[in-house]
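For reference, the structure discussed in these notes is given below.
We did not get these values from a lab; they are worked out from the coordinates using the rules stated. Values in this document were obtained by computation on a predicted structure and should not be read as measured data. Glycine gets a Cβ as well: all are built from the backbone with ideal geometry, and neighbour counts include every protein chain shown.
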Amino acid sequence: MTNIIVQKEDPVLRAKAAPVAESEFGTPELKELTEKMSAALAAEFDGVALAAPQVGVSKQIFVVSKKIFEPKPLEEDLVFINPAIVGSSKTKVTLEEGCLSVRWLYGEVKRAEKVTLEARDLAGKKVRRHAGGLLAQIFQHEIDHLNGVLFTDKAKNLKEYKPDTNVNE
Ligand code: ZN
């Protein structure tokens, strides 16, 4: 599969993504877009989540890989539309972070340890989710994408790690 994930030079990653309109919820087009995002994410061995601007679509959508819930993976990736962080813990943690659109840099980013996210699902239903650990980090990283922010804007001690190309499938 050709890699459709755009890289950091692309201006779409710097734009503020537009909200999904009421008329788009429940449509096959919206579902197709999230399926395309999930397919692009699944093609990356180290991918945990992907925002719509990363496939060149400036809309407020991100997907979280079902894989992160292993050993109890979900049936499908989680989809969050028009998301907002409505609560954050005062406790911050410094975490190692990377990005599928910023190959192959990694750095340390300070994030809230726990967050509460409100969003809509594909049908337009409101969802609210409390998260800690990796999921909380993902929520903050993906919301940044929807605001045109890349983790490298905030990261310290950036380093480049290229994977061993022999092991790539
Ligand atoms: Zn990213």
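Averaging 1/r over every pair of different alpha carbons in the chain and inverting the result gives a Kirkwood radius of 16.4 Å.
Counting only Cα atoms, the stretch 95-166 measures 42, 26, 23 Å along its principal axes, largest extent leading. So which aspartates and glutamates can LYS156 reach, going by Cα to Cα under 19 Å and dropping same-chain residues fewer than 8 places off? Of all the aspartates and glutamates, those that pass the test against LYS156 - Cα under 19 Å, at least 8 places apart if same chain - are GLU96, GLU97, GLU108, GLU113, GLU142, ASP144. Evaluated at q = 0.18, 0.27 Å⁻¹, a Debye calculation over the C-alpha positions of the stretch 58-135 (equal weights, vacuum) places log10 I(q)/I(0) at -0.95, -1.29. Within straight-line reach of LYS66, meaning a Cα separation under 19 Å, sit the following lysines at least 8 residues removed in sequence or on another chain: LYS31, LYS36.
Available extension along the chain between PHE45 and GLU118 is 23.5 nm, counting 0.36 nm per residue and deducting the alpha carbon span.
Determine the shape class of the stretch 1-75: with a ≥ b ≥ c the square roots of the Cα gyration tensor eigenvalues, call it rounded for a/c under 1.5, and otherwise prolate if a/b is greater than b/c, oblate otherwise.
Values: a/c = 1.94, a/b = 1.20, b/c = 1.61.
Note, shape of the stretch 1-75 comes out oblate.
Going Cα to Cα from LYS162, which lysines come in below 24 Å? Please leave out same-chain ones fewer than 8 positions away. Counting by Cα, and skipping residues close in sequence, LYS162 has these lysines nearby: LYS8, LYS67, LYS110, LYS154.
The residue among VAL86, TYR106, ALA40 whose Cα reaches farthest toward the positive pole of the charge dipole of the stretch 1-145, with charges on the beta-carbon of Lys, Arg, Asp and Glu, is VAL86.
Summarising the label geometry, the points placed 7 Å from Cα in the beta-carbon direction at LYS110 and ALA15 lie 3.2 nm from one another. Charge dipole (Cα centre; +1 on Lys/Arg Cβ, -1 on Asp/Glu Cβ; no other charges) of the stretch 7-139 amounts to roughly 580 debye.
Mean residue ellipticity, 222 nm, helices only, the chain: the sum of -39500 (n - 2.57) across DSSP H runs of n ≥ 4, divided by residue count and rounded to 500, is -5500 deg cm²/dmol.
If you count, for each residue, the other Cβ atoms within 10 Å and average over each peptide, how do 116-126, 133-143 line up from highest to lowest? Working shown, then result.
Details: 116-126: 15.7, 133-143: 21.0.
Averaged packing, sorted descending, gives the order 133-143, 116-126.
Treating r as the C-beta distance of PHE25 and LYS159 and R0 as 41 Å, the FRET efficiency rounds to 0.50.
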